[in-house]
Amino acid sequence: MPYLIPTTTARRTSGAEQLGFGVPGYAHPLLAPTEWAELTRPGTPLHWAVLNIDNGPGARPDPHCLEAAGRIRNARERALHGEVPQDSARATGGRLLGHLDLAFGSRPFGELIADAQSFLDWYRVDGFYLGRSPAKRADLTAVRRLTSTLATLLDDSGSDHGESGEERGLLVLGLGTHPHPGYAEAADQLVTFCGPWADYRWSQVAEWTAAYPPHRFAHFVHGVPRTHLEEAMRIARWQGAGTIFFTDRDDRNGQTDPFAVLPSYWDEFVSRIGRGISE
């Protein structure tokens, strides 16, 4: 099959590796209440979800986003402190990430830090999703400076520590492609694919990714037919991605963001990930 490339250029995940969802950004909670409610539904293996008000935190706290953020935060606290059964807590273990638009390296450092601080002050986010991240070696130093500063902000805020302090904030680079290998040390997770199913089913993975575990990589794919859902999940496992989001929505017919709403097969998707895939 097209995605079964040699093991020298791909890492096949073991059966113990559990896929989970990364949600790159639903529509505003007022417009997508069902989508946001699903993030805390028991049995949904959520790794993280992105909060994006106006390509960032917006000009002031949004009451609907404050409510949505609070529900996710409370659910995570319950999961971390064992107040719900472990087999149903995976839905409530997800983190909320604030969306920072890097504009492929063109946004000033100060603006990004100001946006990050607003996310922390208003929504108490657990980390940041750095959208439209540059991927070239020439931009690596600037990205490392930014992620290092963001990590310090998260540590200073106590974000994601809860009462036990056992975890630190999460930083995800929204690249959409395989970057220079040095980016692997600049953040906790890299989005190395974001695009249509027609490209994903023929995609290959960079050799250097084999040195890292699956939780370091995420894949977002739109236009995945229901009949190819299991195939797409097998590709993700074969290529070593631990976090995924697949949808049958696409970017055609006026759809500007295919990831803004649930796929039509959401329940089936949750069920398939929950029981895993036999290899």
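Around Arg249, with a cut-off of 14 angstrom between Cβ atoms, what is the net charge of the other residues, counting Lys and Arg +1 and Asp and Glu -1?
Residues near Arg249 contribute -3 overall.
Of the heavy-atom accessible surface of the stretch 171-220 (probe 1.4 angstrom), what whole percent is carbon and sulfur?
Percent of accessible area from carbon and sulfur atoms in the stretch 171-220: 54.
Whole-Hz Karplus ³J(HN,Hα) for the stretch 177-183, in order, using 6.51 cos²θ - 1.76 cosθ + 1.60 and θ = phi - 60°, x for Gly and Pro?
Per-residue couplings from phi come out as 7, 7, x, 4, x, x, 5 Hz.
Starting from 0.36 nm per residue, how many nanometres of slack lie between His81 and Ala59 once their C-alpha separation is accounted for?
That works out to 4.5 nm of additional length.
Suppose we look only past 16 Å in the calculated P(r) of the stretch 196-271. What percent of the Cα-Cα pairs does that tail hold?
50
For the stretch 143-266, report the accessible area per residue in Å² (1.4 Å probe, heavy atoms, rounded to an integer).
41
For a protection proxy built on the mean count of beta-carbon atoms within 10 angstrom, sort 50-61, 106-117 highest first, please.
Ranked from most to least packed, the peptides come out as 50-61, 106-117.
Would you mind calculating the gained length between Thr227 and Lys136 on full extension (0.36 nm times residue separation, minus the Cα-Cα distance), in nm to one decimal?
So the extension gain works out to 29.2 nm.
In terms of the Cα gyration tensor, with a ≥ b ≥ c the square roots of its eigenvalues, is the stretch 96-255 rounded because a/c is under 1.5, prolate because a/b exceeds b/c, or oblate?
prolate
The values are calculated or read from the model by the stated rules, or taken from the named source; none is laboratory data. What you see is a predicted model; the values in this text were computed from it and never measured. Methodologically, a virtual Cβ is constructed for each residue, glycine included, from the backbone with ideal geometry; neighbour enumeration extends over all protein chains shown. The accessibility values were calculated without ligands, DNA or RNA, using every heavy atom of the protein model including side chains. Shrake-Rupley method; radii C 1.70, N 1.55, O 1.52, S 1.80 Å.
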